[in-house]
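To start, the structure under review is shown below, and the notes come after it.
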Amino acid sequence: MKKEDSNEFISVGDLYKKVKKKEDFTLLDVRTPTEYKTGHIEGSILLNLSEDFLKDIETIGLTKKKNLPIIVYCRSGSRSQVIFNILTTLGFKDVKDMKDGLLEWKKNKLPLIK
């Protein structure tokens, strides 16, 4: 269950500022490839939660970034919370989950790339 007051989350507004400033962090979209194609946040990397997930994090070079900032998001926040938990369990030090997912991003009329 999510803790609403936890520092494990980043708001859509704060993430949007980081994207606009082109800050150095890895942004992971953990939706399906089909969902990703319908629109994603600029600079995001698709990392679908699948049976090949552990292999996929190696393939995209994520294991070399264990001490660097990583932000995850999905449609509503459920899958990204699972990925957040997996990454922190694997020893990633600076992981954030975008609060309320892409639904909140769209609600705030923030841009998507197609």
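Structure above, values below:
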quantity	calculated
Nonlocal amide H pairs with Ile10, under 5 Å, H built at 1.01 Å	Asp97, Met98, Lys99
Proxy reagent accessibility, fewest Cβ within 10 Å first, across Ile71, Ile86, Ile113, Ile41	Ile113, Ile86, Ile41, Ile71
Contact order relative to length of the chain, as percent, for alpha carbon pairs under 8 angstrom and 6 or more apart	33
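Read the figures in this text as sums done on the coordinates, not as results from a lab. Only a predicted model underlies this, so the values are computations on that prediction, with no experimental measurement involved. Note that we place each Cβ from the backbone using ideal geometry, even for glycine, and neighbour counts take in every protein chain shown.
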